[in-house]
Amino acid sequence: MYIVVPPPGDANAAMIMGIINNIKVIVENIHIRYEDETTNSGSPFSFGLTLNRLQAVSTDGKWKPMPTDTKAETFYKVCYGFM
């Protein structure tokens, strides 16, 4: 994902960047399935993975979940799942 950094002094863009940098995404009860019929057409296969929760959050430099500073030069995100 690419995010364009707004020019300095643009208050609206700074607010939008603050929201994007601190967004937290949680998806619960998710099933991911992969099906392959082309690699070996004589023997197609599929498998799935079920997660209770998939979460992506902003972190500090030590990977501790917390809001990020909108003036920081580096932003950290972590994504993890719970089975």
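Please determine whether any residue of region 32-53 is at positive phi and touching a residue at least 12 places away in the same chain (Cβ under 8 Å). Looking for residues that are at positive phi and touching a residue at least 12 places away in the same chain (Cβ under 8 Å), one finds none in region 32-53, hence no. The set of residues in region 32-62 being loosely packed, with under 12 Cβ neighbours inside 10 Å, in contact with a strand residue (DSSP E or B) (Cβ under 8 Å, 6 or more places away or on another chain) and in a loop (DSSP other than H, G, I, E, B) consists of 44, 61.
Does region 1-31 hold any residues that are loosely packed, with under 10 Cβ neighbours inside 10 Å, at pLDDT 75 or above and not aliphatic (A, V, I, L, M), and which are they? Passing the criteria: 12, 29, 31.
The values are calculated or read from the model by the stated rules, or taken from the named source; none is laboratory data. Everything quoted here is computed from the prediction, not taken from an experiment. Backbone-built Cβ (ideal geometry, glycine too); neighbour counts: all protein chains shown.
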